[in-house]
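Inspection log for the structure reproduced underneath, given as structure tokens.
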Amino acid sequence: MNKKTLTTQNLVLFALFIAMTVVMTLIIRIPIPFAQGYVNIGDSILLLAGMLLGPAGGFWIGGIGSALADLFAGYSFYAPITFFVKGIEGLLCGWLFMKLPFTKPLIPALTAGIWMAVGYVLGDWILFGLAAGLAAFPMNLLQGIVGALMAVLLHRFVAPVFKNQTH
């Protein structure tokens, strides 16, 4: 998104991507053994948002959408950590997608997905101790990788249509 102003169209796109992030987070939830969280596919939408709407869009969509999903799923104690971890995930994906000399989405999406897994190690360390964070790391990493691959596939199909609608 090249425009610096908040237009009605941009506001609607942010709201739509936030809602899709919530739905995709809640639609498939696989509890992580030995930890408090769950694996989901909401990352695919927030990573896609970062690529399509830029770093700011990725941050707000990832942070708000994922934190809302935590609240709806009964994980309110995770919502503040999720807001920052997923917000930074979307921001990082959007920033790398814009800044890298090539516009292949795989590297930005995978990098951001890996950050998410590391971010939750830090968050779990704060909430439950380092052992809990390390125990959940493999499943969070799997979620980040699957979300990144799904985002890349979605980007391939959505980006051409999206470019025509937003400029």
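The values are calculated or read from the model by the stated rules, or taken from the named source; none is laboratory data. These numbers come from a predicted model, not from an experiment. Counting neighbours? That spans all protein chains shown, and the Cβs are built from the backbone with ideal geometry, glycine included. For the accessible areas, the whole protein counts, side chains as well, though only heavy atoms, and no ligand, DNA or RNA atoms are used. Shrake-Rupley method; radii C 1.70, N 1.55, O 1.52, S 1.80 Å.
The modelled label-to-label distance between W125 and L106, using points 7 Å beyond Cα along the C-beta direction, is 3.1 nm.
Per-residue Karplus couplings for region 63-70, computed as 6.51 cos²θ - 1.76 cosθ + 1.60 with θ equal to phi - 60°, are listed in order as x, 5, x, 6, 5, 4, 4, 4 Hz, Gly and Pro entered as x.
About its Cα centre, the chain has a charge dipole of approximately 540 debye under the convention of +1 per Lys or Arg Cβ and -1 per Asp or Glu Cβ, with nothing else charged. Rolling a 1.4 Å probe over the protein chains gives L48 an accessible area of about 10 Å². For region 8-167, the fraction of C-alpha pairs farther apart than 21 angstrom is 37 percent.
Of the whole protein surface, L110 contributes about 50 Å² of accessible area at a 1.4 Å probe radius.
Straight-line cross-link reach from K99 at under 20 Å between alpha-carbon atoms covers these aspartates and glutamates, not counting any fewer than eight positions away in the same chain: E89.
Compute the length gained on full extension between I30 and F84: take 0.36 nm times their separation in residues and subtract their Cα-Cα distance, giving the result in nm to one decimal.
Working: separation 54, 0.36 × 54 = 19.44 nm, distance 2.16 nm.
Full extension from I30 to F84 adds 17.3 nm.
Tell me, Kirkwood radius of region 1-92 from alpha-carbon pair distances, in Å? Spell out each step's value before the answer.
On the way: mean 1/r = 0.0775 Å⁻¹.
Radius from the Kirkwood sum: 12.9 Å.
Label-to-label distance for A159 and L71 is 3.3 nm, based on points extended 7 Å past Cα in the beta-carbon direction. The slack in the chain from K99 to A19, taken as 0.36 nm per residue of separation less the alpha-carbon distance, amounts to 26.1 nm. Largest mean-square fluctuation among M139, M116, M51, in a Gaussian network model of the chain whose springs join Cα atoms under 10 Å apart, belongs to M139.
Rounded to the nearest 10 square angstrom, W95 shows an accessible area of 120 square angstrom against a 1.4 Å probe.
Relative to 2.2 N^0.38 Å, what does the C-alpha radius of gyration of region 99-167 come to as a ratio? Two decimals please. Walk me through the intermediate numbers first.
On the way: Rg = 15.5 Å, N = 69, 2.2 N^0.38 = 11.0 Å.
That works out to 1.41 for region 99-167.
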